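A short worksheet on the structure shown next.
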Amino acid sequence: MSGKIKTTIAASAITVLSGLAAILHSITRDDLPRAIGGLSLTVIGLVAIVLIVIRRTFMDSREERRRLAEALSDAHSMKSRHLTAQAAMECEQVRLRRDLDAERRAMTVRLAAEREAMAREFEERRAADIAETMEATVRMFQGGKFAPGTNGNLIRFPKQHPQHQPERARSREHGVVGP
């Protein structure tokens with residue numbers, strides 16, 4: 001507490017005490033005007049003390065201002081950290097997107113090259129298989145395997161040639177007569 005406030009509180013306390021003394025003295029002497037004067041002094045002293053306490057408690061905002069300044073400083077630093085982190089995150093997202101696009105383009109080129117290589121390999125194998133088949137067919141003709149008028153061993157499938165199917169025995173079990 002500053003010296004000015006201490007002096008004001010002391011003066012207010014003296015005013016309250018002198019007002020109380022005046023009231024007590026006027027009560028013993030049965031003097032109404034002095035009692036009212038003592039009451040006035042007491043009220044003035046108490047009001048002064050209350051005002052000083054209220055001012056000290058509510059009006060002296062140096063500590064609150066200091067805490068507010070600290071809180072604002074913390075908020076500004078937190079905001080700047082947040083903005084920095086957000087900018088870094090956006091830069092990282094842009095970099096990742098750019099990397100993914102580059103990888104996607106590279107994979108597309110690689111896939112097209114692989115498809116082309118597979119198509120060439122397939123055509124080469126197909127041509128080799130056709131040539132091998134033709135060569136085997138020519139050898140079979142030359143070896144007499146496909147001589148005109150020669151019936152080879154053919155496998156006959158029953159549904160394709162119904163005239164060669166064996167007859168089924170009729171079922172007579174349990175009184176059922178079949179076709």
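A few comments on the model shown:
- For the stretch 1-60: relative contact order, % (alpha-carbon pairs under 8 angstrom, 6 or more apart): 38
- Whole-Hz Karplus values for the stretch 37-51 come out as x, x, 5, 4, 4, 5, 5, 4, x, 5, 4, 4, 5, 4, 4 Hz, taken residue by residue from phi with 6.51 cos²θ - 1.76 cosθ + 1.60 and θ = phi - 60°; glycine and proline positions read x.
- LEU17 paired with GLU92, simple spin-label distance in nm, labels 7 Å along Cα-to-beta-carbon: 7.1
- Estimated at 0.36 nm per residue, the fully extended path between ALA136 and LEU24 surpasses their Cα-Cα distance by 26.0 nm.
Coordinate-derived values only; no laboratory data. All of these numbers come straight from a predicted model, not from anything done at the bench. So basically every Cβ, Gly included, is an ideal-geometry build from the backbone, and we count neighbours across all protein chains shown.
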